[in-house]
1. Could you run through segment 75-93 and say how many residues are of a type outside the set (Gly, Ala, Ser) and either part of a loop (DSSP other than H, G, I, E, B) or open to solvent by less than 10 Å² (accessible area, probe 1.4 Å) (or both)?
2. For segment 1-26: of the residues being open to solvent by 70 Å² or more (accessible area, probe 1.4 Å) and outside any loop (DSSP other than H, G, I, E, B), which is modelled with the highest pLDDT?
3. Within segment 154-182, which residues are outside any strand (DSSP E or B), at pLDDT 90 or above and either among the β-branched types (Val, Ile, Thr) or open to solvent by 30 Å² or more (accessible area, probe 1.4 Å) (or both)?
4. Among (1) in contact with a Gly (Cβ under 9 Å, 6 or more places away or on another chain); (2) open to solvent by less than 50 Å² (accessible area, probe 1.4 Å), which single condition is GLU97 missing?
5. Looking at this structure, is ALA128 part of a strand (DSSP E or B), farther than 28 Å from ARG245 by Cβ and touching a strand residue (DSSP E or B) at 6+ places or on another chain (Cβ under 6 Å)?
6. Take the residues in segment 27-63 that are within 41 Å of the chain's Cα centre (by Cα) and among the β-branched types (Val, Ile, Thr); name whichever of them is modelled with the lowest pLDDT.
7. Looking at GLY256, GLY268 in this structure, which one is open to solvent by less than 50 Å² (accessible area, probe 1.4 Å) and at pLDDT below 85?
8. Given the options ALA106, ALA117, name the one that is in contact with a helix residue (DSSP H, G or I) (Cβ under 9 Å, 6 or more places away or on another chain), over 22 Å from GLY264 (Cβ atoms) and in a strand (DSSP E or B).
Amino acid sequence: MSPDIVYRLRGPAAGPGPGAHRARDTGGLGTFRDQVPFWRHPDARRIDLRATLRDPFEGTVVRRFEQSRALEVWTLVDVSASMRFRGEGEAWALVTELCTALARSATRIGDAFGLVACGARAETLVPASRRRGTVEAVADALAAVVPGGASAAGLAQAAAGLSGRRKLVVAISDFRVPAPVLAGLFEALQGHDVVPVAIEDGALDAGLPAFGLIELEDLEGGGRRRVLMRPSLRARWLAREAERREALRRLALRHGRPPYRLAGRFDGDDFSRHLLGTAA
């Protein structure tokens, strides 16, 4: 079992009930925040007598406490055929491990977790829920999915459906999608805290020979073909991949967080460091 994933929302939470995340709300209970004049927070139960007696202007001072809120965590998962890729690791197995670990961690601290499959259209596999059994529902739903088709346009459709309070949204894909789809995804998620998770495979780059005959398969319907790899073609291939990753990084940073690269195996501690902004 993977370790719990630790995360925090960028900015205050605005969930419907008490939870584990900092919020803008103040009240009589929670973590001490500050002291303010009574007129700003007229709660006689929270008068600070010592601070009131020390006030040179003879005002009444009240303690304010920061309220904690729950939030919704959503994963939008690309289910196009390219997500069947097997190399250094199995893409769909990595997706399943990450989603179940995140569902377990979210529901354990009182957050709701939801899952949307995104192919040509978006389909909600698990509605956002805090109930027991959410982890099992996520695992069962992903086990029943066979990635297929050539479109991940449902990513933007799913993003557009996440209206309302600010949410933590984890978008999982290899992000080998047309630029308009990618731009539409991030634009639709404005107002939420977006975590792009890029499914990649190091063997795809490291395993390319400088010279030799290789067989490539387009999982999204392009069939198989043999390619004579040579140094110039390999260099162009690697340069194009670097450009694609950099374009994704720049787009993601404009909307908050850099992408997280998931390749080979899932490391819950490393993902937590990324979510907390403490990755090396």
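1. Looking only at that region, the number is 8.
2. Ranking the qualifying residues of segment 1-26, first place goes to ARG22.
3. Within segment 154-182, GLN157, ALA160, GLY161 qualify.
4. So GLU97 meets the others, but not (2).
5. yes
6. Once the filter is applied, the top-ranked residue is THR31.
7. Values: GLY268 fails: at pLDDT below 85.
Checking each option against the conditions leaves just GLY256.
8. ALA117
The values are calculated or read from the model by the stated rules, or taken from the named source; none is laboratory data. Everything quoted here is computed from the prediction, not taken from an experiment. When we count neighbours, we look across all protein chains shown, and the Cβ atoms used for this are built from the backbone with ideal geometry, even at glycine. Surface accessibility is based on the protein's heavy atoms, side chains included, excluding ligands, DNA and RNA. Shrake-Rupley method; radii C 1.70, N 1.55, O 1.52, S 1.80 Å.
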